[in-house]
Amino acid sequence: IQTFYRLFHQCRKTFAPLNLTDYEAIGRCEQEVPEYFNFASDVLDKWSQIEKERKEPSNPALWWINGKGGERKWSFEELGFESRKVANVLSGPCGLQRGDRIIVILPRIPEWWLLNTACMRTGVVFIPGTTQLTAKDICYRLLASKAKCIVTIDALAPVVDSVASQCQFLKTKLIVSESRRAEWLNFSDLLKAAPAVHNCVKTRSQDPMTIYFTSGTTGFPKMVEHSYGSFGLGFFICGRYWMNLTPSDVVWSMSDTGWIKAAIGNVFGPWFQGTCAFVHAMPQFDPKVILNTLCRYPVTTLCSAPTVYRMLVQHDLTRYTFKTLKHCLSGGEPVNPEVMEQWKNQTGLNIYEGYGQTEIGLICGNMKGMKIKPGSLGKAAPPYDVQIIDEKGSVLPPGEEGDIAIKIDAKRPFTFFTRYVDDPVKTASTIRGNFYITGDRGSMDEDGYIWFMGRSDDVIISSGYRIGPFEVESALIEHPAVVESAVVSSPDPIRGEVVKAFVVLSPSFTTQDRKKLACELQDHVKKVTAPYKYPRKIEFVERSELRNKEWGQI
Ligand code: BCO
């Protein structure tokens, strides 16, 4: 009888429609997190069923364009069909098993969405990376993660090959390309041959699902691990209330595929709500392309870094008529009130800022309908209780500056990252008493709005990128001209902050043209590590200058 009931409940669950009310209650921590959850089978396949039962046509799940006439539109059913085939590619020719790790370095191409979903179906841990990664970055990631497989494109395949022999865990290289490359499996060939039937693995909510490399003040990037619960279920509230999405919306989130913002804005946020994720595969950032796209396509919701809005308002926006845009979001760095005002004056739309982290997801936000206080991060986003605390862990009164922290009661919220992989000390260091410390400083006003003041550590937030000064200093020191350097943030009207390097030159370089040398060092950093980290400002200093400054002689 017990077996009968177990099977009965299992069947009921499998065929039950998508219950968004339950997911909302779970997202708010008002209902227990289910023991088993898999976004692919529990959400995507349910939307596919709903799509079939609907009489009227619905928006695609993914709408991809490349600006050169290329276009792909996939319904949830097509996404399911293709991603099941990719799942068979991963567990067949790629030889990956549940729990194995895969690094996926792809630009904004549909294959990224397929691989993401296929990893959920197979239980393979998905590690995305930006295409700006260099050989050294890739080597570090392959070794640190022990990934067995890497997926990339033509441009990066030789870069991977240049370090592959040093990466003893790497077994399979998969290329997304029209042409074949020796020692690489070809994605399209395998996809064509792959069977379409695949049974999604049954994953527990706490099983590892994805890992992001994220920069800190010291050392090389840390591995932030998220589970099926924290990543899949954790973004329900964000999609529904911050992004304000419904099945009739079309959201364009511009983040590079290497960042958590792409997962929030292009995968879990929209797809939980049955919304179309719109993608423009712009190879280079171009404000005019963005503005024209908003005029041509029925995008209802735009999500991008404040730097993008700062760049867009440099143009005369009144010359553009956006087709359907009604909701604008920003995240990744603080947005300044002037830009919000300029955007509002020219488009009639507010910018709803969200504040979050790779480790935690959305922490605060301006939800639709809420009064916006320009310059504030908004209020705590459910399920979080955000407070400003002092160094002893005591809550500070309104208006006082302290650490922005999240209250942890008996249990860590399920939406939190699981751990920094292989770094229990760093994982533990995020906790102070009953609080998780974000690393950001701020204050809270009487109405519960949080105001950002800056980082409490030396991490640089530039154009929405999180940049560790150590990584830039390590790149600089590899150049023969550099004896030592100190890298800090410097204010910038467009990028919020930029990376600035103070450099002490080796004696043999002190007579060289400083302008040329600065450019050379910038190019050098762009080659050694991901170019977005390069020091946009360089100041050459001499030790004697620093000593004299210290002794009050200048
Ligand atoms: O500006 P420059 O031209 O001097 O330099 C640029 C590129 O040209 C250069 N570069 C790129 N690839 C290169 C290269 N140079 C040599 N070789 C290559 N292969 O490097 C610089 C890269 O800077 P960028 O990425 O800022 O470029 P760009 O075109 O100015 O883009 C502007 C933005 C705003 C589109 C870009 O900065 C951006 O996407 N920012 C947002 C980042 C983001 O999404 N952050 C969110 C992280 S997740 C998060 O915060 C958690 C929230 C819950």
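Candidates TRP64, SER162, ILE127 compared by Cα position along the dipole of the chain: farthest toward the positive end lies TRP64, with charges placed on Cβ.
Size estimate for the range 346-439 follows the Kirkwood approach: the inverse of mean 1/r over distinct Cα pairs works out to 14.6 Å.
Residues in the range 97-132, backbone N under 19 Å from the label point at LYS68 (7 Å along the Cα-to-beta-carbon vector): list them, ranges by number please. Residues passing the 19 Å test: 106-112, 131-132.
Using 0.36 nm per residue of separation minus the Cα-Cα distance, give me the extension gain between VAL488 and LEU349 in nm, one decimal. Please list the in-between numbers first.
On the way: separation 139, 0.36 × 139 = 50.04 nm, distance 3.46 nm.
The VAL488-LEU349 span can extend by a further 46.6 nm.
In this structure, SER544 and THR217 have a Cβ-Cβ separation that, at R0 = 30 Å, corresponds to a calculated FRET efficiency of about 0.60.
Can you tell me the FRET efficiency between ASP422 and GLU401 if r is taken as the Cβ-Cβ distance and R0 is 35 Å, rounded to the nearest 0.05?
Working: r = 34 Å, r/R0 = 0.97.
Computed FRET efficiency for ASP422 and GLU401 comes out at 0.55.
Relative to the present Cα-Cα distance, how much length would full extension add between ILE477 and ARG180 at 0.36 nm per residue of separation?
Details: separation 297, 0.36 × 297 = 106.92 nm, distance 3.78 nm.
Contour length minus the Cα-Cα distance gives 103.1 nm.
Ratio of Rg to Rh for the range 266-421: 1.01 [Cα atoms; Kirkwood radius as inverse mean 1/r over pairs].
Extent along the principal axes, Cα only, for the range 193-236: 46, 29, 17 Å, with the longest axis given first.
By the Cα gyration tensor, the range 64-197 has an equivalent ellipsoid whose semi-axes, rounded to whole angstrom, run 23, 18, 13 from largest to smallest.
Quick one: length gained pulling TYR532 to SER248 fully straight, 0.36 nm per residue minus the C-alpha distance?
Using 0.36 nm per residue and subtracting the Cα-Cα distance, I get 98.7 nm.
Each label was represented as a point 7 Å from its Cα along the Cα-to-Cβ direction; for ARG98 and VAL289 these points are 4.1 nm apart. Computed from point charges on the beta carbon alone (+1 for Lys and Arg, -1 for Asp and Glu), the dipole magnitude for the range 472-553 about its Cα centre is near 200 Debye. Evaluated with a Cβ-only charge set (Lys, Arg +1; Asp, Glu -1), the chain carries a dipole of roughly 1300 debye about its Cα centre, given to the nearest 20.
For the chain, count the residues as N, evaluate 2.2 N^0.38 Å, and divide the Cα radius of gyration by that value, please.
Details: Rg = 23.9 Å, N = 554, 2.2 N^0.38 = 24.3 Å.
Its radius of gyration relative to the 2.2 N^0.38 Å reference: 0.98.
The alpha-carbon of LYS379 sits under 30 angstrom from the alpha-carbons of these lysines, leaving out residues fewer than 8 places away in its chain: LYS222, LYS261, LYS326, LYS344, LYS368, LYS371, LYS392, LYS407, LYS411, LYS426. By the gyration tensor of its Cα atoms, with a ≥ b ≥ c the square roots of the eigenvalues, what is the shape of the range 457-530: rounded for a/c under 1.5, prolate for a/b over b/c, or oblate? The shape class here is prolate.
Quick one: net charge of ASN199's neighbours, Cβ under 13 Å, K/R +1, D/E -1? Numbers along the way, then the final one.
Values: positive: ARG84, ARG98, ARG121, LYS202; negative: ASP45.
Result for the local shell: +3.
Projecting the Cα atoms of ALA40, GLY27, PHE414 onto the charge dipole of the chain (Cβ charges, centred on the Cα centre) puts ALA40 farthest toward the positive pole. The calculated FRET efficiency for HIS315 paired with PHE81, based on their beta-carbon distance and R0 = 45 Å, is about 0.65. Residues of the range 26-49 with an amide N closer than 13 Å to a point placed 7 Å from the Cα of LYS202 along the Cα-to-Cβ direction: 35-38.
Over 20 Å between Cα atoms: which of LYS373/LYS533; LYS288/LYS373; LYS68/LYS533; LYS173/LYS533; LYS46/LYS202; LYS515/LYS537 fall into that group? In this structure, LYS373/LYS533; LYS288/LYS373; LYS68/LYS533; LYS173/LYS533 lie more than 20 Å apart at Cα. Straight-line reach from LYS52: taking Cα to Cα under 19 Å and skipping same-chain neighbours fewer than 8 places apart, the aspartates and glutamates in range are ASP42, GLU77, GLU78, GLU82, ASP249.
Compactness of the range 109-159, taken as the C-alpha radius of gyration over 2.2 N^0.38 Å, stands at 1.17. Computed about the Cα centre, the dipole magnitude for the range 424-520 is approximately 200 debye when only Lys and Arg (+1) and Asp and Glu (-1) carry charge, each at its Cβ.
All of the numbers you see were taken from the coordinates with simple rules; none came from a lab. Owing to the predicted nature of the structure, the values given are computational and were not obtained by experimental measurement. Virtual Cβ from ideal backbone geometry, glycine too; neighbours counted across all protein chains shown.
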